[in-house]
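**Student:** Shown below is the structure under consideration.
None of the figures in this text is laboratory data; all of them are computed from the coordinates on show. Since the model is a prediction, treat every value here as computed from it, not as a measurement. Every residue, glycine as well, gets a Cβ built from its backbone with ideal geometry; the counts of neighbours run over all protein chains shown.
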Protein chains: 2
Amino acid sequence: MKAEKLARKAKAASDILAHASTDEKNRVLVRLAEKLGDNREYLYEENAKDIKAAGEQGLSKSLIDRLRIDDKIVREMQGSLMDVASLPDPVGEIVKTWKRPNDLLVGKMRIPIGVILIIYESRPNVTIEAFSLCLKSGNCVILKGGSEAYHSNKALYTLIVETLKGSNISPDAVQFVETADRDFIYSLLERAEEIDLVIPRGGEALIRSIVERSRIPVLKHYKGVCHIYVDDESDETMAIDVSINAKVEKPATCNALETLLVNEKVARSFLPKIHKELTRHGVVVKGCEKTAAILKGVKKATNADWCMEYLDLTLSIKVVKDMAEAIDHIRKYGSSHTEAIITTNYDRAWKFLREINSSLVLVNASTRLNDGFQLGLGAEMGISTTRLHAFGPMGLEELTVTKFIGFGNGQLRT
Amino acid sequence: MKAEKLARKAKAASDILAHASTDEKNRVLVRLAEKLGDNREYLYEENAKDIKAAGEQGLSKSLIDRLRIDDKIVREMQGSLMDVASLPDPVGEIVKTWKRPNDLLVGKMRIPIGVILIIYESRPNVTIEAFSLCLKSGNCVILKGGSEAYHSNKALYTLIVETLKGSNISPDAVQFVETADRDFIYSLLERAEEIDLVIPRGGEALIRSIVERSRIPVLKHYKGVCHIYVDDESDETMAIDVSINAKVEKPATCNALETLLVNEKVARSFLPKIHKELTRHGVVVKGCEKTAAILKGVKKATNADWCMEYLDLTLSIKVVKDMAEAIDHIRKYGSSHTEAIITTNYDRAWKFLREINSSLVLVNASTRLNDGFQLGLGAEMGISTTRLHAFGPMGLEELTVTKFIGFGNGQLRT
């Protein structure tokens, strides 16, 4: 199928899906959860083809692990489908209303965005997450997974289509890109008449190549260089606990801590304590000159370190004069992803919260909380650092837009 | 100045402007209003250069009228500056908050988008409107007006810069594109690192050329093919009044009525009555076969007519079997701009409101009401039919995005 035809099929289905009933959408999600369970052997067989190919291509163990579908992953996918089914349907919600002097009641009503192209790598469960969030929010979705997970994604897509065939929702509401041909994707990225939004998830190089080619708005984040600033007025134990959690709980994620900024008034007391904890957790520190003077033997951080998304057990530490210097550092080197301050000072907590314009700004909490589930959105489609439409984790609400509505009794423009 | 340098200056100013106080921003707006009054002779002199050049180039009288700055236009610009000063500052508003099971209080706070590039034609007062809305919402703005209004826009920009110089806000917060060189604009459209949003206003060809080139999200509408559907259960007088208002009050605007859809049950009674009123207002009708059978002598509408934004006193009329056919017609030929139903039927009012996903959907009111002032946004930056971020008129709120904020007391991810 040509890119144009595929995009047109999705577009044609989107006007109908936009008005599917909540019950109908939820039934599809619940039935799909059942179907995943009933067809797990089929999923494992197809998945084994990807695993085998990955092994033959010499992919790393961690990459192969991310590809794998097993009982645990099936249960997780089922759980996420049931979760999305239980979330409120955002479509049709009237967000607010106000009355005009001429008695026209004006409001804003949530509607789906339309057709969303998701481009993602490895983990095949993204296929299920993307489909379920798009379906529930009334959006048609075009799925383009990584070629390394082709058989797994195709199998999941097949089960989705079978489920839709037993419903009133057209299977055209979900489209699957079969080919690994880059030109096909590039053609899709030109179809602004049919596709409303592109969400790429994956490495920075992949995302940059998509942004470069796309005629369609792209919501994405390139990387997460997340900071914690430890104020001189702060609870030392909390500062250690939060920093350790942010760095080591899952270092390969975009919301993990990469740079710790420490107020110079507490550096001499605080740094040795946190360094001990970091070392105990296997974290290697790279420090600014002042840090290196206090923590003998740590490597010097270069300018490149301040921009680094290590994604592993490395942490850069910088001693700063005050919060103003911390804010300047974050503005200069940050990625607008997630930043936190540890403080007991009211003024500084608010100043930090207001002046740092990252997708999530926290007072006294771990950067790892920047996640749709953790923040209570129920589920998410990825985290956006694009300062348009959705900034931060994208849940169901972020997959909608509002139209204006007006209830009149003959109002004219005069 | 190179496009890169100009974009970087705006970007550098945006972190500061984002945290300018409301008082400071309002003071600038009020002082600028005074300055426009104090410098009206200067404005008229500069404007005369554009008017003269336009005359020499043989521009139409209506185009020359749109260019003109006179006492009335100065008063309007002053009024719009005072209006924007009196609107609430959206920046820093916490839109909502919710508490997580771990007691983390999560919220969404409005922040500016960042740097906005506005590309517009003719009317020089757009310079003032765009600047005032961007300043109040904390956004830096890059102004690119039409070359036909160069001297007028430059003069207004000069007064803006003088006003900013007397404030704490950097004049870099507003950038003015001096050159008419297309390549300069194309370079700006590539600067996604510094520019967050492009809003083009003008003809369809201009806008398409911008969308084609831009690496930055573009909010726009190409055209407004607006519909009114007259239901068989409706107040005939209201249907006539609203349709006439929508067609003739200002036919050259994007929210003017272009196609009237009439339920066949009332066509025989309704069409001659509205035709008489339309003729009285100088409107020429093009009709479908059924319309032509009822209204002898009217021109037949071709397929092209259903897609036409006439922008003049022409109206196409189609008789439809029922509301479902009206909705199909709107989906097929509409531009997602503004649609209205005239009905007394509760079910159909709601069905129309829900199923038509245009930027404004009205029950019993004129399509001409799709406007920031009319809908109560206070002012607007244009109307978007892009189904992302802002759909419909873009007021101050639509020039912001929300970041997530979290108030914790040591919350970790476990």
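**Student:** Counting other Cβ atoms within 10 Å, keep those with at most 14, restrict to DSSP loop, and tell me which GluC sites (Glu not before Pro) in the range A:126-190 are left.
**Tutor:** Counting only loop positions with at most 14 other Cβ atoms within 10 Å, the GluC sites (Glu not before Pro) in the range A:126-190 are A:178.
**Student:** Next up: Helix A:22-38 versus the longest principal axis of chain A: what is the Cα-based angle in degrees, 0 to 90, to the nearest 10?
**Tutor:** 80
**Student:** So who's got an amide H within less than 5 Å of the one on residue B:336, skipping anything under 5 residues away but keeping other chains? H placed 1.01 Å off N, in plane.
**Tutor:** none
**Student:** Residue B:79 label points, 7 Å along Cα→Cβ, one per copy: pairwise distances from this copy to the rest in nm, shortest first?
**Tutor:** For residue B:79, the other copies' label points sit at 6.1 nm, shortest first.
**Student:** Here's another thing I want to ask about it. Could you give each residue of the range A:199-211 its phi-based ³J(HN,Hα) in whole Hz, using Karplus coefficients 6.51, -1.76, 1.60 with θ = phi - 60°, and x for Gly or Pro?
**Tutor:** 10, x, 10, x, x, 4, 5, 4, 5, 4, 5, 6, 4
**Student:** A further question follows. Would you mind computing Rg(Cα) / (2.2 N^0.38 Å) for the range A:226-369, counting N as its residues?
**Tutor:** 0.91
**Student:** Same structure again: What does the range B:156-280 give for Rg and for Dmax, in Å, if only its C-alpha atoms count?
**Tutor:** Rg and Dmax of the range B:156-280, Cα atoms, are 22.9, 66 Å.
**Student:** Given an 8 Å cut-off on Cα distances and at least 6 residues of separation, report the relative contact order of the range A:226-369 as a percent.
**Tutor:** Rounded, it is 35 percent for the range A:226-369.
**Student:** If you don't mind, another one. Given 10 °C and 1.306 mPa s, how large is the Stokes-Einstein diffusion coefficient of the range B:48-125 in µm²/s, with Rh as the Kirkwood radius over Cα pairs?
**Tutor:** Estimated via Stokes-Einstein, D reaches 93 µm²/s.
**Student:** Another question about this same structure. So for chain A, taking the charge dipole from beta-carbon charges (+1 Lys/Arg, -1 Asp/Glu), which of A:218, A:399, A:175 sits furthest toward the positive end?
**Tutor:** Most positive-ward Cα: A:218.
**Student:** Quick one, can you get me the convex hull of the C-alpha atoms of chain B expressed as volume per residue in Å³?
**Tutor:** 174
**Student:** Evaluate the charge dipole of the range A:226-369 about its Cα centre and quote only its size in Debye, nearest 20, assuming +1 on the Cβ of each Lys and Arg and -1 on the Cβ of each Asp and Glu.
**Tutor:** Roughly 420 debye for the range A:226-369.
**Student:** Measure nothing fancy, just the Cα-based angle from helix B:40-56's long axis to the longest principal axis of chain B, in degrees from 0 to 90, nearest 10.
**Tutor:** 50
**Student:** To the nearest 10 degrees, how steeply does helix A:150-165 sit against the main Cα axis of chain A, on a 0 to 90 scale?
**Tutor:** 40
**Student:** Right, something else. Taking the Cβ of each residue in A:72, B:250 as the centre, tally the other Cβ atoms inside 10 Å and list the residues starting with the fewest.
**Tutor:** Neighbour counts put them in this order, fewest first: A:72, B:250.
**Student:** The range A:384-414 to the range A:325-357: how many Å between their Cα centroids?
**Tutor:** With the range A:384-414 and the range A:325-357 each reduced to a Cα centre, they are spaced 29 Å.
**Student:** For residue A:21 and residue A:105, what does the FRET efficiency come to when R0 = 35 Å and r is the distance between their Cβ atoms, rounded to the nearest 0.05?
**Tutor:** Working from the Cβ atoms, E equals 0.85.
**Student:** How would B:174, B:248, A:262 line up from fewest to most surrounding beta-carbon atoms within 10 angstrom?
**Tutor:** B:248, B:174, A:262
**Student:** Same structure, new question: Among the lysines, select those whose C-alpha is under 20 Å from the C-alpha of residue B:247, and discard any that sit fewer than 8 residues away in the same chain.
**Tutor:** B:223, B:273, B:276, B:286, B:299, B:300, B:318
**Student:** For residue A:2, list the lysines whose Cα falls under 25 Å from its own Cα; do not include residues on the same chain fewer than 8 positions away.
**Tutor:** A:11, A:144, A:154, A:165, B:332
**Student:** Using DSSP to define loop residues, name the GluC sites (Glu not before Pro) in the range A:215-289 whose beta-carbon has at most 11 other beta-carbon atoms within 10 Å.
**Tutor:** none
**Student:** Here's something else I'd like to know. Per residue of the range A:310-315, in order, report the coupling 6.51 cos²θ - 1.76 cosθ + 1.60 (Karplus, θ = phi - 60°) as ³J(HN,Hα) in whole Hz, putting x for Gly and Pro.
**Tutor:** Per residue, the Karplus-derived 3J(HN,Hα) values read 4, 6, 9, 7, 10, 9 Hz.
**Student:** Follow-up question, since we're still on this one. What shape does the range B:309-375 take by its C-alpha gyration tensor, where a ≥ b ≥ c are the square roots of the eigenvalues and a/c under 1.5 counts as rounded, a/b above b/c as prolate, and the rest as oblate?
**Tutor:** oblate
**Student:** For residue A:9, which aspartates and glutamates qualify as cross-link partners when the Cα separation must be under 18 Å and same-chain residues fewer than eight apart are set aside?
**Tutor:** Leaving aside aspartates and glutamates fewer than 8 places away in the same chain, those within reach of residue A:9 are A:162, A:172, A:178, A:190, A:193, A:194, A:196, B:328.
**Student:** Quick check on the protein assembly as shown: take the gyration tensor over C-alpha atoms, sort the square-rooted eigenvalues as a ≥ b ≥ c, and tell me if it's rounded (a/c under 1.5), prolate or oblate.
**Tutor:** Oblate shape, in that a/c is at least 1.5 and b/c is the bigger or equal ratio.
**Student:** Give or take rounding to whole Å, what are the principal axis extents of the alpha carbon atoms in the range B:6-91, in descending order?
**Tutor:** Projected onto the principal axes, the Cα atoms of the range B:6-91 cover 46, 30, 21 Å.
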